[in-house]
Amino acid sequence: QVQLVESGGGSVQAGGSLRLSCAASAGSYSTDCMGWFRQAPGKEREAVATIDNYGNAEYADSVKGRFTISKDSAKRNSYLQMNRLKPEDTAMYYCATKGGDWCPLYDGLFNYWGQGTQVTVSS
């Protein structure tokens, strides 16, 4: 069974930074595509960023230029560096993974999910 565990969330002031981490325990499963998603109370879950097996990344327009997604050399852990945070970034952040060579900004195609880590940005 694939297990994902997020860490690094917390409370910061607007303009600050946080770095989220996602550790994958996947056995023989290849976590070819990894992504970060977020959901605020009463709102739909939205894609934030994804990164494929070759290091190609995609970002939501709302975070482009502020957030950076990356992987470690083993392609088992993913990271989300969040800079110039805004109050509207406040949400529960989830990491997820799927197999395959493509890595879309769409939560419905991801197979495994972590429990989430809370990010709160105050003004």
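The values are calculated or read from the model by the stated rules, or taken from the named source; none is laboratory data. Only a predicted model underlies this, so the values are computations on that prediction, with no experimental measurement involved. Reconstructed Cβ throughout: ideal geometry from the backbone, glycine too, with neighbour counts over all protein chains shown. In case anyone asks, the SASA skips ligands and DNA or RNA and just uses the protein heavy atoms, side chains included. Shrake-Rupley method; radii C 1.70, N 1.55, O 1.52, S 1.80 Å.
Structure data summary
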read-out: Qualifying positions in segment 12-39 - open to solvent by less than 80 Å² (accessible area, probe 1.4 Å), part of a strand (DSSP E or B) and either modelled with pLDDT under 90 or not aliphatic (A, V, I, L, M) (or both); value: Ser21, Cys22, Ala24, Ser25, Cys33, Gly35, Trp36, Phe37, Arg38, Gln39
read-out: Of residues in segment 82-100 being in a loop (DSSP other than H, G, I, E, B) and in contact with a strand residue (DSSP E or B) (Cβ under 8 Å, 6 or more places away or on another chain), the one nearest to Ala40 (Cα to Cα); value: Thr90
read-out: Qualifying residue in segment 105-115 (condition: in a strand (DSSP E or B), touching a residue at least 60 places away in the same chain (Cβ under 8 Å) and either open to solvent by 60 Å² or more (accessible area, probe 1.4 Å) or under 20 Å from Gln3 (Cα atoms) (or both)); value: yes
read-out: Set Gly42, Gly9, Gly55, Gly99: member being of a type outside the set (Val, Ile, Thr), open to solvent by less than 70 Å² (accessible area, probe 1.4 Å) and at positive phi; value: Gly55
read-out: Any hit, segment 7-20, residues being without any contact (Cβ under 8 Å) to a residue 60 or more places away in the chain, out of contact with any helix residue (DSSP H, G or I) (no Cβ under 9 Å at 6 or more places or on another chain) and of a type in the set (S, T, N, Q); value: no
read-out: Segment 58-96, residues that are open to solvent by 60 Å² or more (accessible area, probe 1.4 Å), within 18 Å of Ser25 (Cα to Cα) and either in contact (Cβ under 8 Å) with a residue 60 or more places away in the chain or among the basic types (Lys, Arg) (or both); value: Lys75, Arg76
read-out: Scope segment 83-105; condition among the hydroxyl-bearing types (Ser, Thr, Tyr) and modelled with pLDDT of 95 or more; matching residues; value: Thr90, Tyr93, Tyr94
read-out: Residue selected from segment 1-11 under the condition assigned to a loop (DSSP other than H, G, I, E, B) and under 14 Å from the mean Cα position of the chain (by Cα), by the criterion nearest to Lys86 (Cα to Cα); value: Gly9
